[in-house]
Amino acid sequence: MLPDKFESPNTILKCLQTMILDALKNSGANPDDITDVLLTHLHFDHTGGSTVYENGKLLPAFKNAKYYVQEKNFKWGMNPSGRDKGSYIKDNFEPIAKENLFSFNNEDNLIFDDEIELYPVHGHTYSQQLIKISDGSTTLFYCGDLFPTASHIPLPYIMGYDLQPLITLHEKEAVLKKAVDESWYLFFEHDPVTAFAKVEATPKGFKAGEKFASF
Ligand SMILES: [Zn+2]
């Protein structure tokens, strides 16, 4: 299973294709082995690398995989607003739809398997799905763009890019309370230093607790 992971393919697709393929090779896998790709949302920096050029044609990079995304996010990405259309680059996801490799989730369909649950949020964009991975004792929460870095843990630190910042505020608070109460590890997709961290509640608000640079 791959969670979303990539950058834009439009300018550097071939470079990223190589990076992804190298990463898979180093882990002993190849693209045809991938069966499930969980996309938090369809912004270019979360879908780039999902498609590849083959003989001048854009095709899904993982032809044996299902690509999971919230259906509402796909519909929004196909017809975004003037404010965010620059982030929805259709080359990253239209070829997947054309090959019928999308498996669309909705809010009634959030259990992926025994250990993985999807968690929809709507402040950053409509129907982003975050990923909660738990074996019953340890939980890793894949934060997508709700908490792009550990520096975004304090409640007021919200990206100016978010479509609905006050919704983000409430969504952050709900996740942080659970992270403290249930000792979750939060994983940060955009943090160049901190891969994941615990959260602490203090009299002055939430802050990052123990930080980890890598697994
Ligand atoms: Zn985003």
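In the range 69-91, whose amide N lies under 14 Å from the spot 7 Å out along Cα-to-Cβ of Ala97? List them in ranges.
69-81, 88-91
Describe numerically, in nm with one decimal, the distance between label points set 7 Å from Cα along Cα→Cβ at Leu169 and at Leu155.
Calculated label separation equals 0.8 nm.
Looking at the chain, what % of its DSSP beta bridges pair antiparallel, to the nearest 5?
Numbers: 23 of 35 bridges.
Around 65 percent antiparallel, to the nearest 5.
Of Lys90/Lys207; Lys63/Lys178; Lys57/Lys85, which pairs sit farther than 31 Å apart, going by alpha carbon to alpha carbon?
Numbers: Lys90/Lys207 36 Å; Lys63/Lys178 36 Å; Lys57/Lys85 23 Å.
Checking Cα-Cα distances, Lys90/Lys207; Lys63/Lys178 exceed 31 Å.
Quick one: Kirkwood hydrodynamic radius for the range 51-124, alpha-carbon pairs, angstrom, one decimal? Don't skip to the answer; put the middle values down first.
Working: mean 1/r = 0.0727 Å⁻¹.
So the Kirkwood estimate lands at 13.7 Å.
Please compute the contact order of the chain in relative form: average sequence separation of alpha-carbon pairs under 8 Å and at least six residues apart, divided by the residue count, as a percent.
Working: 416 pairs, mean separation 30.2, N = 215.
So the answer I get is 14 percent.
Counting only other residues whose beta carbon sits under 14 Å from that of Lys172, what net charge do I get with K and R as +1, D and E as -1? Can you show the working numbers first?
Working: positive: Lys177, Lys178, Lys207; negative: Asp145, Asp162, Glu171, Glu173.
Within the 14 Å Cβ shell, the charges total -1.
Gain in length, Leu110 to Asn55, computed as 0.36 nm per residue apart minus the alpha-carbon separation, to one decimal in nm? Can you show the working numbers first?
Working: separation 55, 0.36 × 55 = 19.80 nm, distance 3.67 nm.
Between Leu110 and Asn55, full extension yields an extra 16.1 nm.
For the chain, give the magnitude of the charge dipole about the Cα centre (Cβ charges: +1 Lys/Arg, -1 Asp/Glu; no others), in debye to the nearest 20.
580 debye
Among Phe112, Phe206, Ser127, which residue has its Cα furthest toward the positive end of the charge dipole of the range 111-215, with +1 on Lys/Arg Cβ and -1 on Asp/Glu Cβ?
So the residue we want is Phe206.
Starting from the Cα coordinates of the range 139-199, work out the convex hull volume and express it per residue in Å³. Working shown, then result.
Numbers: hull volume 4.2 nm³, N = 61.
Taking the convex hull of the Cα positions in the range 139-199, it is 69 Å³ per residue.
Pairwise over distinct Cα atoms, reciprocal of the mean inverse distance: report the Kirkwood radius of the range 111-215 in Å, one decimal place. If you can, show how the numbers build up before the last one.
Values: mean 1/r = 0.0730 Å⁻¹.
Result for the range 111-215 stands at 13.7 Å.
Net charge near Thr138, counting Lys/Arg +1 and Asp/Glu -1 over other residues with Cβ under 15 Å of its Cβ?
Working: positive: Lys132, Lys178, Lys198; negative: Asp114, Glu115, Glu117, Asp135, Asp181, Glu182, Glu210.
Value of the local net charge: -4.
Plugging the Kirkwood radius over Cα pairs into Stokes-Einstein for the chain, at a temperature of 20 °C and a viscosity of 1.002 mPa s, what D comes out in µm²/s?
Answer, rounded: 121 µm²/s.
No lab work stands behind these numbers, since they all come straight from the coordinates. None of the values given here were measured: they were computed from a predicted structure. Cβ sites come from the backbone with ideal geometry, for glycine too, and all protein chains shown count toward neighbours.
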